[in-house]
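The values are calculated or read from the model by the stated rules, or taken from the named source; none is laboratory data. Just so we're clear, the structure is a prediction, and the values are computed from it rather than from any experiment. As a convention, Cβ positions derive from the backbone with ideal geometry for all residues, glycine included, and neighbour counts pool all protein chains shown.
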Amino acid sequence: MFGFATAVVASIPFGAPVVFAIAATTLVLDSRLTAAAVLLVTGLVVVFLADHFVRPALIGMSSRLPFLWILLGIFGGLESFGLVGLFIGPAVLAVVLAMWREAAALTDSIPESAS
């Protein structure tokens, strides 16, 4: 039941850790302290790795953005647009980077005046 709840709520920021905390609290109330600690630590480590390394890497491969830009886009998008910002933030940064590269290419191709 908690696994299904985690899968459903994982798309919401900070949703999965709430489910881990509820499951760990249930285990603590059942006097299974070691299991609760292992569940909470393992869940938080997996969510941390997925949010900070796996998701940016997957988004970065498709958009050819540097890792730091992806991370900033995800955090900025979440802050500005909420859950939809996970996708809008890196997309906006990809457009800005493409415009930057295009402007740099145009500037390099302009011949210097013969003065």
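Set side by side, the residues Val92, Val96, Val84 differ, and just one is closer than 21 Å to Ile12 by Cα, among the β-branched types (Val, Ile, Thr) and modelled with pLDDT of 80 or more, which is Val92.
Would you be able to say whether some residue in segment 55-69 is out of contact with any Lys or Arg (no Cβ under 9 Å at 6 or more places or on another chain), over 16 Å from Phe14 (Cα atoms) and at pLDDT 75 or above?
Taking segment 55-69 first, the residues out of contact with any Lys or Arg (no Cβ under 9 Å at 6 or more places or on another chain) are 55-69.
Of the ones still in play, those that are also over 16 Å from Phe14 (Cα atoms) are 56-69.
Cutting the leftovers down to at pLDDT 75 or above gives us 68-69.
Yes: segment 55-69 contains one or more residues that are out of contact with any Lys or Arg (no Cβ under 9 Å at 6 or more places or on another chain), over 16 Å from Phe14 (Cα atoms) and at pLDDT 75 or above.
Scanning segment 9-54 for residues that are modelled with pLDDT of 80 or more, of a type in the set (S, T, N, Q) and outside any helix (DSSP H, G or I) yields a count of 1.
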